[in-house]
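Below you'll find the structure, written out as structure tokens, and then a few comments.
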Amino acid sequence: MNFAKRAIAGIARKQGKTLIFLVIIFVLGNIIAGAVSIRLAVTNAQRVLSYKMSPVASLGFDTEKYSALLEKNPELEAEAVSLETLGEIGASPYVKYFDYSARLVVSSSTLTGGRADPFFESSNFFEFIGVNNPELVDLKEELIQLVSGRVFTEQETKDLEYVALVPQEIAEMNNLTIGSVITFECGFSYDTGKRRPYDFEIVGIYKAKTMTEEFKDGIYAPNKVLKEMNDLANREVLKDPNISEEDYQSIVETFRIYYTTLFILNDPMDLEAFREETAALVPAYYTVTVASNNLEKLEAPLQSIREVTTLVLYLAVVAAVLTMSLLITLFLRDRRQEVGIYLSLGERKFKVAGQILVEVAVVALIAITLSLFTGNALSGVISEQMLADQMLADQAHESQYSPGDYAYRYQGATSAEQLAEAYTISLNMTTVVLFYAIGFATVCVSVLLPIFYITRLNPKKILMGGEL
Amino acid sequence: MSLVTVSEVNYFYADGDSRRYILKDISCEFERGKLYAILGESGSGKTTFLSLLAALDKPKSGKVLYETQDISSIGFEKFRRNKIGIVFQAYNLIPYMTAAENIKVAMSITDNKLPKDINEVAYNLLDYIGLDKAKADRTVNKLSGGEQQRVAIARALATNVDVVLADEPTGNLDEDMENEIIAILQKLAHEHNKCVIVVTHSTQIANQADTVFKLRKGKLEPYER
Ligand SMILES: Nc1ncnc2c1ncn2[C@@H]1O[C@H](COP(=O)(O)OP(=O)(O)OP(=O)(O)O)[C@@H](O)[C@H]1O
Ligand SMILES: [Mg+2]
């Protein structure tokens, strides 16, 4: 009956005590296991996301700044940024991808699957997303994925070619394949008295991956084509004799095509430098905005989960140490007599301490192993819920971009999917090792106080004092 | 030749600022093969004296020698582990273990050379002292007082020590049982050549002992029957 065997006898024969320990360590172990695996999942997700995502910037007209400047100088006229200047900014070494995009809403009398417009109940609208970069930044950044066909060619974006990439749903709904020709109507032909039709050849079919919900049905086409369609529609208005030159100007102004910009930077650290560089090229009332870009947006919920679980982890460890120290000391008080006997038999104090440690550690090993699995499973459920709540709360106070901006597409709700993909709770080696390490460190710290208590025990007092 | 020698031992308990001397300049010798009884009235300091012999406490001055060595230089823990066995009035067995296990606990603690099969030794020892196999495998809190005290004596012997110290070993037992325990202690001294020192106020034990001392007013005096 050496100290280890005595410990096992203590565990097996003092079942009430063993059960209490088992339950307490199991419960606390679940919390610790949960916190550990959540923290690791968060770390993992942060790494995956930061690797995957680059910051999204865009150049925007800053109305506040403009009115401030206007107060000082009433003569100030708002200038547009020329496409050449945009190209110059886009060529910056800080920029990974650059594009600018026109938007045009058209209707179709032959296609199904368009959006309904609340003003024209029967209408069937489609939204064009203009591109200048034939390779499609959306594709590069994995907002979409090509299902079949190809992207545009350099030629197609330079010349006036009526080519389009359509979403898979629309293609399926209308039995479209690569090479199919689809027809949209835009503007009004004064000569025919009908809407003016445009035929587009489908060169590619895509599927939205991680894009803002409202834009999953956009049709990609070269900016040039969209501008042409818009200009034609505007010019057509002139043919109406009832419209004055003044009205015409206001119509053209209202229905003018304009571009929003998108700069994907190489590195979030480059942002300030990029801002400065851009400021030198554009009027003062233009600013580079980096709205809550994907990474930042996803970081926030991850970070808050990380903070909560860190707190929980510390609290659980402290609670475990306190409860266990107290319990072991209490149980030891009950067993003063036994400890006194060992000491009177000349047992070394460290072996008595060893017996206590083994008694606790064996029970802890069982409880910790059990809680490793349950805690992991539990934390999966809880943290995914936390994540979802957090993302919702986050979306409530979103976005510096208006839906018309190209960059808006990059802060879509679909990033939640990206996060969910990156965020997985799993029982990997690190979790297991870390958890056992924390568990056993906790057990060791918990037996310190009781062991101190043992070293203070005097066998003479226990065995000969008092009752004798 | 003396096995345990007590040399000019003093012991006091602090009573506030003053000292209450319980043992004053006590010197005596104990030999192998003899049963000693130390008598004394309640409160005379018998237990205190035994605790010094048992290395559970140290004298305020003076020495306790084992053979020729001061027990404090042997180390109290080591001395208890390897040189002595103690029997208490309250038995002091580990309640949730069996009789045999209680004995094996002591055997696993000592550094003394023991036979290989400690299991067999434990059962033989218990048998020798009057507990059969069935009782040896019972948890000790299901044994009678006399049986528990036998287990305690067996435990004191199991580690192959030369000195057995007992504090009122029969204090909780009836007369028949007392006689049986005394017979065992006698056998230990006379047949097994142990030095057995019993602290008691039982005159029954004193009558059977080879040498009797009386503790009175802090002095240990030879006792004439
Ligand atoms: N820890 C202590 N502190 C102070 N006084 C003590 C302590 N232990 C014992 N005493 C006192 O010392 C004296 C001797 O005590 P001891 O226990 O040695 O007597 P005893 O002869 O064994 O008595 P009994 O026959 O009742 O067991 C008693 O007066 C007791 O009250
Ligand atoms: Mg006493």
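The values are calculated or read from the model by the stated rules, or taken from the named source; none is laboratory data. Since the structure is predicted, the reported quantities are computational estimates derived from the model, not experimental observations. Positions of Cβ are backbone-derived with ideal geometry, glycine not excepted, and every protein chain shown enters the neighbour counts. Note: accessible area is taken over every heavy atom of the protein model, side chains too, but ligands, DNA and RNA are not part of it. Shrake-Rupley method; radii C 1.70, N 1.55, O 1.52, S 1.80 Å.
Listing for the model above:
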| item | result |
| --- | --- |
| Residue count for the stretch A:79-104, restricted to those that are out of contact with any Pro (no Cβ under 8 Å at 6 or more places or on another chain), assigned to a loop (DSSP other than H, G, I, E, B) and surrounded by fewer than 16 Cβ atoms within 10 Å (Cβ to Cβ) | 4 |
| Filter result (closer than 17 Å to A:Y406 by Cβ and open to solvent by less than 60 Å² (accessible area, probe 1.4 Å)) within the stretch A:139-163 | A:L139, A:E141, A:L143, A:I144, A:V151, A:F152, A:T157 |
| Near pairs, Cβ below 8 angstrom, 6+ apart or cross-chain, from the stretch B:132-148 (within 17 Å of B:A122 (Cβ to Cβ) and without any contact (Cβ under 8 Å) to a residue 40 or more places away in the chain) to any residue that is open to solvent by 70 Å² or more (accessible area, probe 1.4 Å) and assigned to a helix (DSSP H, G or I) | B:K133/B:D127; B:A136/B:D127 |
| Unique residue being in contact with a strand residue (DSSP E or B) (Cβ under 9 Å, 6 or more places away or on another chain) and within 16 Å of ligand 2 (Cβ to nearest atom) when the list is B:K214, B:K194, B:K219 | B:K214 |
| Hits in the stretch A:238-261 (condition: open to solvent by less than 60 Å² (accessible area, probe 1.4 Å), of a type in the set (S, T, N, Q) and under 23 Å from A:S101 (Cβ atoms)) | A:T260, A:T261 |
| Top-ranked residue of the stretch A:258-274 - restricted to ones that are among the hydrophobic types (A, V, I, L, M, F, W, C) and in a helix (DSSP H, G or I), ranked as farthest from A:Y286 (Cα to Cα) | A:M269 |
| Members of the stretch B:86-101 that are within 7 Å of another protein chain (Cβ to nearest Cβ) and open to solvent by 20 Å² or more (accessible area, probe 1.4 Å) | B:Q89, B:A90, B:Y96, B:E101 |
| Which listed residue is open to solvent by 40 Å² or more (accessible area, probe 1.4 Å) and either out of contact with any Pro (no Cβ under 8 Å at 6 or more places or on another chain) or not basic (K, R) (or both), from A:N230, A:N175 | A:N175 |
| Options B:L56, B:L50: the member that is within 13 Å of ligand 1 (Cβ to nearest atom), out of contact with any Cys (no Cβ under 8 Å at 6 or more places or on another chain), aliphatic (A, V, I, L, M) and free of Cβ contacts under 8 Å to residues at least 60 places away in the same chain | B:L56 |
| Restricting the stretch B:107-122 to residues that are assigned to a helix (DSSP H, G or I) and within 14 Å of chain A (Cβ to nearest Cβ), the residue that is nearest to A:V352 (Cα to Cα) | B:I109 |
| Filter result for B:K133 (more than 14 Å from the chain's Cα centre (by Cα) and either within 16 Å of ligand 2 (Cβ to nearest atom) or more than 22 Å from B:S108 (Cβ to Cβ) (or both)) | no |
| Identity of the residue in the stretch B:15-51, aliphatic (A, V, I, L, M) and within 14 Å of chain A (Cβ to nearest Cβ), that ends up least open to solvent (accessible area, probe 1.4 Å) | B:L50 |
| Residue within the stretch A:313-331 that is within 14 Å of chain B (Cβ to nearest Cβ), farther than 23 Å from A:D62 by Cβ, assigned to a helix (DSSP H, G or I) and touching a residue at least 24 places away in the same chain (Cβ under 8 Å) present | yes |
| Every residue from the stretch A:326-352 that is open to solvent by less than 40 Å² (accessible area, probe 1.4 Å) and modelled with pLDDT of 90 or more | A:E338, A:V339, A:G340, A:I341, A:Y342, A:L343, A:S344, A:L345, A:G346, A:E347, A:V352 |
